[in-house]
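What follows is a short report on a single structure.
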Amino acid sequence: MSTEVLGIDVGATGMKAALVDTTKGELTTERHKISTPEGGKPEDMVGVIHELIDHFQWAGKPIGIGFPAVIMGGKTLTASNIDNSWIGYPVESSIEEKTGNKVQVINDADAAGLAEITFGKGKGVSGTVILLTLGTGIGSAIFKDGKILRNTELGHILYEGDIAEKAVSNSARKKHDMNWKEYGTKLGDFLSYIHKLFYPDLIILGGGISKKFDNYSSYFPQHLNVTPASQYNNAGIIGAALSAVK
Ligand code: BGC
């Protein structure tokens, strides 16, 4: 099988793709990004996925897609920041029908986690590694000795009276206009809570805001072992591509 795969990272705000060398875990092209259509409906978002595939002239070749929902048996089972009509939608087969080849769809945070555990900060780390992506929502990937436990939803743990992503995602930071101290303190508190539940050996933070890690990480409690993702927000694209060859 070819080692070059089109990785697509579908987010509630933007949809990004690039070709990935899956032996090195590196992008081999520029990323191409299209805004997620207003309302996040299946037909519109699948349309953008096809635009991305066309942009790279990649029909008939391996494609891996990270998607912001629980994915089982090629279907989306949840819809947190996308339209509810995604629930039960056969996402894999609807894309395969048009491209004429096998497409692998996995949860977006699981994809980012696969990239980090294979090539990034989680590589070779034994014990429990938790990756959290901080974006519109919060995604999670949990690894035990390098093996993934798929479809975990730590961003949906009840926290301050609602699901945690309403309080500590990057969109919550913007919505509530938190400065770095406020955000770092709140996020640190949430990470302490996660620590009390799982006692991870390492927590990796992904998503675009992981690039600004130094702005808020000094407010985290000292006992936490937290690091930004090595691929920042490209981990989703790389891990999606990896899932298609694993
Ligand atoms: C979804 C997760 C997803 C995360 C990041 C959450 O709202 O429930 O499945 O991984 O957002 O996109």
Worksheet entry | Total charge dipole magnitude, region 61-123, about the Cα centre, Cβ charges on Lys, Arg, Asp, Glu only, Debye to nearest 20 | 220 debye
Discussion item. Can you give the local net charge around ALA229? Use residues other than it whose beta-carbon is closer than 10 angstrom to its beta-carbon, Lys and Arg +1, Asp and Glu -1.
Written reply: +1
Worksheet item: Tell me, what is the per residue accessible area of region 172-246 in Å², probe radius 1.4 Å?
Response: 49 Å²
Item to complete: Enumerate the residues in region 205-246 having an amide nitrogen under 14 Å from the point lying 7 Å beyond the Cα of TRP180 toward its Cβ.
Response: 209-220
Practice prompt. Tell me the GluC sites (Glu not before Pro) within region 1-79 that lie in a loop according to DSSP and have at most 11 other beta-carbon atoms within 10 Å.
Written response: GLU30, GLU38
Worksheet item: Hey, can you rank 214-224, 198-208 by average C-beta count inside 10 Å, highest first?
Response: 198-208, 214-224
Practice prompt. Restricting to region 104-246, compute how many DSSP beta bridges are antiparallel as a %, nearest 5.
Written response: 60 percent
Practice prompt. Along Cα→Cβ, 7 Å out, is where each label goes; now give me the distance between the ones at THR128 and GLU160 in nm to one decimal.
Written response: 2.4 nm
Worksheet, complete the sentence: CD proxy, 222 nm, the chain: helix-only mean residue ellipticity via -39,500 (n - 2.57) per DSSP H run with n ≥ 4, per residue, nearest 500, stands at -9000 deg cm²/dmol
Discussion item. Distance between the C-alpha centers of region 1-35 and region 173-220? Whole Å please.
Written reply: 26 Å
Discussion item. Starting from 0.36 nm per residue, how many nanometres of slack lie between LYS211 and ASP54 once their C-alpha separation is accounted for?
Written reply: 53.5 nm
Discussion item. Let me check against my output: what whole-number percent is the relative contact order of the chain, with C-alpha pairs under 8 Å and at least 6 apart?
Written reply: 22 percent
Worksheet item: At VAL245 and TYR219, where each label point lies 7 Å from the Cα along Cα→Cβ, what is the point-to-point distance in nanometres?
Response: 4.0 nm
Practice prompt. Sticking with the crude label model, points 7 Å out along Cα→Cβ, report the distance from ASP145 to ARG31 in nm, one decimal please.
Written response: 3.5 nm
Worksheet entry | Share, in percent, of DSSP beta bridges within the chain that are antiparallel, nearest 5 | 60 percent
Fill in: Gyration tensor verdict on region 51-174 (Cα atoms; rounded if a/c is under 1.5, prolate if a/b is larger than b/c, oblate otherwise)
oblate
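The values are calculated or read from the model by the stated rules, or taken from the named source; none is laboratory data. If you're wondering where the values come from, they're calculated on a predicted model, not measured in any experiment. Counting neighbours? That spans all protein chains shown, and the Cβs are built from the backbone with ideal geometry, glycine included. To get the accessible areas, we keep the full protein, side chains included, count just its heavy atoms, and leave off ligands, DNA and RNA. Shrake-Rupley method; radii C 1.70, N 1.55, O 1.52, S 1.80 Å.
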